[in-house]
1. Give me the Kirkwood hydrodynamic radius of the chain in Å, from all C-alpha pairs, to one decimal place?
2. Using only Cα atoms, locate the centre of the stretch 117-150 and the centre of the stretch 63-86, then give the distance between them in Å, rounded to an integer.
3. Could you work out the helix-only [θ] at 222 nm for the chain, with each DSSP H run of four or more residues adding -39,500 (n - 2.57) and the total divided by the number of residues, to the nearest 500 deg cm²/dmol?
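Please treat every number below as a calculation from the coordinates, not as lab data. All of these numbers come straight from a predicted model, not from anything done at the bench.
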């Protein structure tokens, strides 16, 4: 278990149930699909999720779920791009159910993903975020992401995406950032 994973521990929500982060499995899709469909006008299909989960076996993908008790309340994933100069990760999604937002679930998921991709040799990670999603942009800035460009009409051929990058995630300074975010 990594140092960051040990920092994560288990949190207890106001109902007394523990928030746990664990690898996503096909069995989680029954609960994750309604969250996905609620979050996006054009959501991923179950077949897309199954394909992504199949790719976790070769190490090119990593997906996690957040649970409160037995209920999946969020999930997140990355695509790992191997490069001799240092691997990079592309955040594919970070989604939290509407009733669990603003409770630190996305932060916990991202800390766990960061820990994992750093252990796998990644030196940077990137993502796209809706230009209108100021809350998500703020979350990503806390993780050190900075705007690097715009993808015009990226979402449903209507809304622009802001491309964000975070470099040097293998540094001691980034480890300290993750430690602070995890507490």
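1. With all distinct Cα pairs of the chain included, I get 16.7 Å.
2. Answer, in whole Å: 14.
3. The helix-only estimate for the chain comes to -10000 deg cm²/dmol at 222 nm.
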